[in-house]
Amino acid sequence: MAPVIIATDKTQLTQFSGNKSAYPVYLTVGNLPKAVRRQPSQNSCILIAYLSVEKVNRSKMTELEHRSRVQRIFHESMKTILEPLKQAGKDGVRMKDSKGAIRQVHPVLSCYVADYPEQCLVTCTKYGTCVKCCQDALHLEDIEPALPRTKKWTINVIQQAKNLSRGSSVKFHQHCMDNDVAGGIYSPFWQDFPYTDIHHAITPDVLHQLYQGVFKHVVEWCRSIVGEKELDRRIQVLPYGYGLRQFRKGISKLSQISGTERKNMAKILLGCVHDIMAPGGVKAVKALLDFIYLAQYSTHDQITLGYLRDSLEEFHKYKQYFVLVGCREHLNIPKLHSLIHYIQAIELFGTTDNYNTEMFERLHIDFAKQGWRASNQRDEFPQMITWLSRREKLISFHNSLHAQLIPTQSNPSKRVPKSIAKYPNYPNRSIPLIEQLHLAPEFRRHLKQYLNTFISHPLSGRSLDQADLPDLFTVNVYNMFRFQPPALQDNNEEADTVKAMPISRTRPHGRFDTVVVMDSDNAEATGMAGIV
Amino acid sequence: MPDRAGEWMTRTLSFNDKPDDEYTIRYRNPIDAIKSIWEDPANAEHLVFSPKKIFSDTSRTNRIFNEMWTGKWWHSIQVSETLSSHCNFSKFVVVKAS
């Protein structure tokens, strides 16, 4: 079987002026490991279509008709494009695999990656309700999902509406909307797809649902509780830290916050609010951040999924805090609701990095935007298509050359586990100076203890305390080292830098990174036990 | 040189009430796109054809989820359908998946 993953996402082609956009449809298969799918150079995601971006002429149309028209154009287009999948899914098609063996393959639509407005469009769900279950808009904050939406259920509602409306599109629309189904589609494109339930196929979306959705709300709430100025001040005075971004102007002045910026905020938010908000609020924020990070694990098992469930329950236990302090009147937010469907999606389709939207947003740059730039920007789509085909041929030729000519060469790059500069930043520093400028009190004693371990007859207890280092004893000081910890993910080399900068005029507090050293194998994946 | 992932097609949609408003879609056959991924020699070492159940130890109680083939969906469809008679999945799938 070939599990087909489809992604659609409208994107702007022009950056500042002009109003050109493209609506690409991407396809990839679950047979490839996610690490391979993620590499845009590999040609493992294929752009299979550009949907229409022509504006629907609103003249002589009611708002309702206009919206229905947009929905129908989308579904008719997708029906045309994905038509071959129907027959092939049922009967299978013969395909050569990359080793030349012929296989009978059943391509089945498994995941559909899109942001929330498109999820509603694809699944024929009324905007503002859940695409996965029948929970009504006023109870989205409940932790228990309602009965699941199914393909059969949605098609039934549409069929009923057809029977009741007797040709009146207004009545049809009304009946559908009363049942939380979008009211413009008579035959959804996924109607006859074998083995596919579109409501299942909609997958969680870490970037838009968690960071740009729920976390964005939480930052807003924290800002109103802590106060805009105070939160900014706290963020500005944060010391340097490894992997932490400095928000020098605070966060309230930022406009159009990107996903990366959100991720950087998530790292520091809790530390900036914990002593102002009531314990309940802090617990809610902490639980939510836990959920965000756990949801991104690249491997889950029953235990870690349990942690994910725990953090969700913890959040729901304390979430009322935000209503009590008046940040919101209710928490019936579709994106917040979507969290309760994460565990099921991970169990069904693997971890969230299999179907995240970031991967496809990256492709926009490669496929759509570069193609746009290569065109003369008049009647651009035929040119963009030609550009794409040529690019694919180049990559394909490159790949087959590699496969035939160059034997598989595996060169595990020789990596140095730790490295420091060739010359010390501060040669021959005296010990009192180190204790003072490098904020290392008791450095003399610890150095003594350390050196003592090299002596063949180590001194013990009091005699060690009384022994002294020679007066002129100096030490070379380096202010940073690099190291390469074992990569957490395949094909993903990591390099870390640890800095320990002494106090100076420009840096009145110095900079001292925290290093966590594991001294035994008994560490837990999520806790600090066993780590000193 | 033939197109790698199928030929592009163009279709224009219009609706009865407004035949002048046309909506153009440009697309290619998704089957050809899948074929091109499967045939790509760069993917030879990577392709996985059947679902797997992976557990953290031999007691088979703690199931692990990461890649798509470790999920329950693939398993439920490929295994249930291979067992039903009307479907003709290739034989090796049954052997590997059981």
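None of the figures in this text is laboratory data; all of them are computed from the coordinates on show. Predicted model, so just to flag it, every value in this text is computed and none were measured. Here the Cβ positions follow ideal geometry from the backbone for every residue, glycine too, while neighbour counts run over all protein chains shown.
Structure summary
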quantity	calculated
Segment residue A:19-residue A:405, length gained on full extension (0.36 nm per residue, minus Cα span)	134.3 nm
Net length gained if the chain between residue A:216 and residue A:515 were fully extended (0.36 nm per residue, minus Cα distance)	104.6 nm
For chain A, average projected area of the Cα convex hull in nm²	34.7 nm²
DSSP-loop chymotrypsin sites (Phe, Trp or Tyr not before Pro) across segment A:193-301, with at most 16 other Cβ within 10 angstrom	A:240, A:242
Under 15 Å, Cβ to Cβ, from residue A:480 - net charge with Lys/Arg +1 and Asp/Glu -1	+4
Neighbouring partner chain Cβ atoms per residue of B:7-13, average, 10 Å criterion	4
Full-extension gain in nm, residue A:229 to residue A:87, via 0.36 nm per residue minus C-alpha separation	45.1 nm
Relative contact order of segment A:1-76, defined on C-alpha pairs under 8 angstrom at six or more residues apart (%)	25 percent
Kirkwood-based shape ratio for segment A:300-385, expressed as Rg/Rh from alpha carbons	1.24
Trypsin sites (Lys or Arg not before Pro) within segment A:216-264: DSSP coil, no more than 16 neighbouring Cβ in 10 Å	A:245, A:248, A:249, A:253
Two-decimal Rg to Rh for segment A:430-472 - Kirkwood Rh, Cα set	1.01
Relative contact order [Cα under 8 Å, 6+ residues apart], chain A, whole percent	12 percent
Spacing of the two label points (7 Å from each Cα toward its C-beta) at residue B:60 and residue A:35, in nm	2.8 nm
Simple spin-label estimate for residue A:506 and residue A:169 in nanometres, 7 Å along Cα-Cβ	6.6 nm
At least 18 Å along the helix axis (C-alpha) and Kyte average at least -0.5, DSSP helices within chain A	A:259-273, A:279-294, A:380-405
Cleavage-rule hits (GluC sites (Glu not before Pro)) in segment A:311-394: DSSP loop, at most 10 neighbouring Cβ within 10 angstrom	A:329
30 Å Cα-Cα threshold exceeded, pairs from A:86/A:126; A:60/A:86; A:253/A:317; A:229/A:267	A:60/A:86; A:253/A:317
Proportion of all alpha-carbon pairs of segment A:229-275 beyond 16 Å (%)	32 percent
Förster radius 45 Å - calculated FRET efficiency between residue A:248 and residue A:394, Cβ distance, rounded to 0.05	0.55
If the convex hull is drawn through the Cα atoms of segment A:206-352, its volume per residue in Å³	115 Å³
Shape of segment A:256-324, Cα gyration tensor, a/c cut at 1.5	oblate
Distance in nm between pseudo-label sites at residue A:374 and residue A:435 (7 Å out along the Cβ direction from Cα)	6.7 nm
Modelled FRET efficiency - R0 56 Å, residue A:61 with residue A:236, Cβ distances, 0.05 increments	0.65
Reciprocal of mean inverse Cα separation for segment A:335-382 (Kirkwood radius, Å)	13.5 Å
